[in-house]
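Working notes, beginning with the structure itself.
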Amino acid sequence: MNDHISARAAFRTSQLEEFEGEGLNPTDNRTMGEIIAARFSRRSFLRGALAATAIAATVSPIALISAENARAAEGASRFSFKEVEAGVDENHHVAEGYDADILLRWGDALFPDSPAFDPANQTPEAQARQFGYNNDYVGFIPIEGSSEHGYLVVNHEYTNEHLMFPGIVKVVEKADDKNPGKMKTELVVADADRKRVDIEMAAHGGTIVEIRKVDGKWQVVREGAKNRRITAATEMQLTGPAAGDARLQTAADATGRKVFGTINNCAGGVTPWGTYIMAEENIHGYFVGELPEGHREADNYKRLGLPEGTYAWGKFHERFDVSKEPNEANRFGWVVEVDVEDPNSIPKKRTALGRFKHEGADNVVSKDGRVVFYLGDDERFDYVYKFVTAGKFDPANRAANMDLLDEGTLYTAKFEEDGTIEWLPLTFGTGKLTAENGFSSQADVLIETRRAADLLGATPMDRPEDIGPDAANGRVYVMLTNNSKRKDDGVNAANPRAKNAFGHIIEIAEDGGDFAATKGRWEILLKCGDPAVADVGATFSTETTKNGWFGMPDNCAIDTEGRLWVSTDGNSPKATGRTDGLFAVDTEGAARGTSKLFFRVPVGAEMCGPLLLPDMQTAFVAVQHPGDGGEDWEGFGRLSYYEDLSTRWPDFKPDMPVRPSVLAVTRQGGGKIGV
Ligand code: FEO
Ligand code: CA
Ligand code: CA
Ligand code: CA
């Protein structure tokens with residue numbers, strides 16, 4: 001037995017607010033001399049940006065800049081549905097008049113030969129033919145332009161062993177270091193053996209599966225010729241400027257181009273040419289060991305919190321032990337592109353998009369045809385990025401687009417106090433990105449993207465998660481989930497709250513509505529949290545009900561009509577008195593800043609996805625790690641694990657564990673969602 005659950009809990013919690021660390025950014029960009037303590041206020045924004053325009057404080061200056069939309073003057077919410085009541089229980093809840101049907105659960109068959117899910121007798125081979133664990137990003141690649149037939153692509157971010165495997169957890173009472181004299185209860189998970197590690201590795205990665213809507217209900221097409229599981233063992237290729245670099249070479253791969261697997265794929269994207277993008281996020285948890293004394297990667301790894309040693313993979317697979325294979329960790333932390341049209345294609349790790357804790361890779365075609373990828377680096381005090389391809393998207397020639405991601409410019413964002421944003425290029429040989437600072441090539445800049453961005457003076461953010469561009473109006477929405485470690489003297493205009501427990505959302509308007517622009521304007525769309533508690537300083541509109549507000553924005557989707565949907569990670573009985581969910585957020589007119597709860601998850605879960613199909617008649621949502629928690633919910637009141645779960649969602653059978661699942665939400669009788 002080992003104290004694994006504490007590490008695992010810390011790993012999970014490191015994505016939440018109570019992590020002990022202060023973030024990994026050692027620079028003082030966070031105090032930003034020139035804008036120290038200059039707390040953002042709407043008035044100052046207006047004075048600087050639009051002094052001549054007399055407008056109500058509830059109307060967005062950016063909305064008026066784009067001035068394209070008559071709706072901005074109307075003032076009514078663009079969402080019409082009866083919102084769900086916020087709260088906590090074992091089940092999911094969707095707005096009245098909608099169906100939320102389970103489409104895919106952990107362990108479900110993806111192929112005609114997939115073994116039936118048998119949680120008591122799991123094997124790596126079975127898992128590799130079944131839907132993986134902890135579904136996060138959900139994308140849809142239409143077949144022949146249909147909104148009723150296509151490939152669903154889903155990331156499997158990580159595994160929760162205490163919820164997945166029977167017979168491995170012991171409940172122990174021990175002294176509480178933080179409260180002398182008090183005891184606390186902990187779950188202690190047995191050390192993993194080789195088989196369990198290999199099941200975990202097979203439960204990671206992604207799923208590509210054909211789905212079809214029949215009589216208004218979605219079905220999985222198991223016979224789909226393109227169906228595929230990608231795992232932590234799938235062969236991949238490193239491409240772009242860093243591929244082949246000595247720092248990417250290992251004992252097993254002298255070419256520095258061939259790597260196996262992708263891990264901790266959080267959010268992602270689908271490109272205009274129909275490929276699937278998987279973003280590698282918290283890679284540090286998968287590596288163990290210590291680098292050899294004086295190794296050149298020491299500072300690089302420290303900046304990423306590597307190795308953290310949450311998982312035991314390194315015990316059985318030496319490449320995850322940095323003392324045995326010091327360069328393997330440089331082969332993770334990238335953005336991966338998968339050609340779903342060929343189930344045997346080798347996924348490509350596109351090094352041009354940088355190496356950090358990639359949250360997602362939502363993207364949009366700019367005015368001149370170049371493609372722009374918005375990238376968050378999810379860590380306290382880390383940065384917002386975007387990548388602009390050098391080449392242009394050719395809608396008539398798919399093959400011509402297949403390597404667009406190997407050439408282009410990676411930028412990091414500097415948010416100025418006056419409401420402007422500057423995108424700073426991470427280009428070797430320019431500015432401080434030279435030999436003097438230890439960079440000898442663009443490969444070095446990309447392998448150590450964070451350090452390069454530190455040197456350029458990027459703005460340290462409150463954990464950038466999903467970033468969603470809206471092609472229709474040239475705006476971009478940045479989810480900043482929280483940062484309880486920001487101190488009073490560390491606030492900046494774009495991150496104006498010290499101890500930001502509930503996060504905020506920034507709206508960017510790129511200059512001229514051009515996503516490839518290197519300058520733009522920004523403002524805060526929403527400061528999150530309970531608006532009824534004055535100290536929290538939340539800025540939801542007064543139309544937002546006690547059900548509609550939220551904390552911890554994480555993923556987002558923008559539907560065909562340009563409406564913003566936000567899913568959350570970290571709401572709980574303790575944090576906000578509610579579970580996570582999917583919220584509809586108005587961005588225009590007098591309704592700007594109004595949020596309504598559309599769907600909520602079962603206890604212990606977070607809300608991932610979300611995705612609205614082009615016809616807006618289906619929303620896909622992903623329920624991740626349901627049942628991982630419940631101790632602070634009065635309906636359960638203790639730690640949750642395989643044999644004693646706070647919920648057995650979605651099957652509610654005594655012999656079936658809780659299962660992360662993707663749901664298809666449709667309107668009863670048909671029609672658009674939330675209209
Ligand atoms: Fe995997 Fe940033 O959440
Ligand atoms: Ca996320
Ligand atoms: Ca998150
Ligand atoms: Ca998440």
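Would you call TYR301 away from ligand 2 (no atom under 16 Å from the Cβ), modelled with pLDDT of 95 or more, outside any loop (DSSP other than H, G, I, E, B) and under 30 Å from ARG370 (Cα atoms)?
no
Tell me, yes or no, whether segment 530-552 has at least one residue that is in contact with a Pro (Cβ under 8 Å, 6 or more places away or on another chain), in contact (Cβ under 8 Å) with a residue 12 or more places away in the chain and within 16 Å of ligand 4 (Cβ to nearest atom).
The answer is no; no qualifying residue exists.
Tell me, which residue of segment 60-109 that is modelled with pLDDT of 95 or more, assigned to a loop (DSSP other than H, G, I, E, B) and acidic (Asp, Glu) is nearest to GLU634 (Cα to Cα)?
ASP89
Of the conditions (1) more than 16 Å from ligand 2 (Cβ to nearest atom); (2) more than 30 Å from ALA472 (Cα to Cα), ILE283 satisfies every one except a single condition; which number is it?
(1)
PHE636 versus (1) out of contact with any strand residue (DSSP E or B) (no Cβ under 8 Å at 6 or more places or on another chain); (2) in contact (Cβ under 8 Å) with a residue 40 or more places away in the chain; (3) among the hydrophobic types (A, V, I, L, M, F, W, C): which is the lone unmet condition?
Result: PHE636 fails condition (2) only.
Can you say whether ASN473 is open to solvent by 10 Å² or more (accessible area, probe 1.4 Å), of a type outside the set (A, V, I, L, M) and modelled with pLDDT under 95, as far as the supplied structure shows?
Values: open to solvent by 10 Å² or more (accessible area, probe 1.4 Å): yes; of a type outside the set (A, V, I, L, M): yes; modelled with pLDDT under 95: yes.
Yes, satisfied.
Are any residues in segment 120-160 within 16 Å of ligand 4 (Cβ to nearest atom) and either more than 26 Å from the chain's Cα centre (by Cα) or not in a loop (DSSP other than H, G, I, E, B) (or both), and if so, which ones?
Step one: list which residues in segment 120-160 are within 16 Å of ligand 4 (Cβ to nearest atom), which gives 132-139, 154-160.
Passing the criteria: ASN135, ASP136, TYR137, VAL138, GLY139, VAL154, ASN155, HIS156.
Can you say whether VAL335 is surrounded by fewer than 24 Cβ atoms within 10 Å (Cβ to Cβ) and aliphatic (A, V, I, L, M), as far as the supplied structure shows?
Numbers: surrounded by fewer than 24 Cβ atoms within 10 Å (Cβ to Cβ): no; aliphatic (A, V, I, L, M): yes.
Considered against the rule, which asks whether it is surrounded by fewer than 24 Cβ atoms within 10 Å (Cβ to Cβ) and aliphatic (A, V, I, L, M), VAL335 comes out as no.
Conditions tested, residue by residue: (1) among the β-branched types (Val, Ile, Thr); (2) under 21 Å from HIS204 (Cα atoms); (3) touching a Cys at 6+ places or on another chain (Cβ under 7 Å).
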site	(1), (2), (3)
PRO626	no, yes, no
GLY630	no, no, no
PHE636	no, no, no
VAL662	yes, yes, no
GLY670	no, no, no
VAL675	yes, no, no
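Could you tell me whether THR239 is closer than 18 Å to ASN327 by Cα and in contact with a helix residue (DSSP H, G or I) (Cβ under 8 Å, 6 or more places away or on another chain)? Break it down into steps so the answer makes sense when it comes.
Values: closer than 18 Å to ASN327 by Cα: yes; in contact with a helix residue (DSSP H, G or I) (Cβ under 8 Å, 6 or more places away or on another chain): yes.
Yes; evaluated as a whole, the condition is true for this residue.
Which of the numbered conditions does TRP522 fail, given that it passes all the others? Conditions: (1) part of a loop (DSSP other than H, G, I, E, B); (2) more than 24 Å from ALA352 (Cα to Cα).
Just one mismatch for TRP522, condition (1).
Open to solvent by less than 30 Å² (accessible area, probe 1.4 Å), at pLDDT below 95 and either more than 16 Å from ligand 1 (Cβ to nearest atom) or of a type in the set (Ser, Thr, Tyr) (or both): does that describe GLY529?
Numbers: open to solvent by less than 30 Å² (accessible area, probe 1.4 Å): yes; at pLDDT below 95: no; either more than 16 Å from ligand 1 (Cβ to nearest atom) or of a type in the set (Ser, Thr, Tyr) (or both): yes.
So GLY529 does not fit the description; no.
What strands (runs of 3 or more DSSP E) completely inside segment 339-435 contain at least 1 residues that are in contact with a helix residue (DSSP H, G or I) (Cβ under 8 Å, 6 or more places away or on another chain), within 16 Å of ligand 4 (Cβ to nearest atom) and charged (D, E, K, R)? Before you say what the answer is, go through the steps one by one.
Details: elements: 348-350, 362-365, 370-376, 380-382, 384-392, 408-415, 420-425.
In segment 339-435, the matching strands (runs of 3 or more DSSP E) lie at 380-382.
Do we find a residue being open to solvent by 10 Å² or more (accessible area, probe 1.4 Å) and either modelled with pLDDT under 95 or not hydrophobic (A, V, I, L, M, F, W, C) (or both) anywhere in segment 349-361?
Within segment 349-361, not a single residue is open to solvent by 10 Å² or more (accessible area, probe 1.4 Å) and either modelled with pLDDT under 95 or not hydrophobic (A, V, I, L, M, F, W, C) (or both).
Could you list, in sequence order, the residues of segment 460-494 that are more than 23 Å from ASN25 (Cβ to Cβ) and more than 16 Å from ligand 3 (Cβ to nearest atom)?
Those that are more than 23 Å from ASN25 (Cβ to Cβ) and more than 16 Å from ligand 3 (Cβ to nearest atom): PRO469, ASP470, ALA471, ALA472, ASN473, GLY474, ARG475.
Filter segment 254-290 down to the residues that are within 16 Å of ligand 4 (Cβ to nearest atom) and among the acidic types (Asp, Glu) and list them by number.
The answer is GLU280, GLU281.
Within segment 544-574, track down each residue that is within 16 Å of ligand 1 (Cβ to nearest atom), under 15 Å from PHE79 (Cα atoms) and small (Gly, Ala, Ser).
Residue satisfying the conditions is ALA557 alone.
The values are calculated or read from the model by the stated rules, or taken from the named source; none is laboratory data. In this text, all values refer to a predicted model and were calculated from it rather than measured experimentally. Every residue, glycine among them, receives a Cβ derived from its backbone with ideal geometry; neighbour counts consider all protein chains shown. The area values use the complete protein model at the heavy-atom level, side chains included, leaving out ligands, DNA and RNA. Shrake-Rupley method; radii C 1.70, N 1.55, O 1.52, S 1.80 Å.
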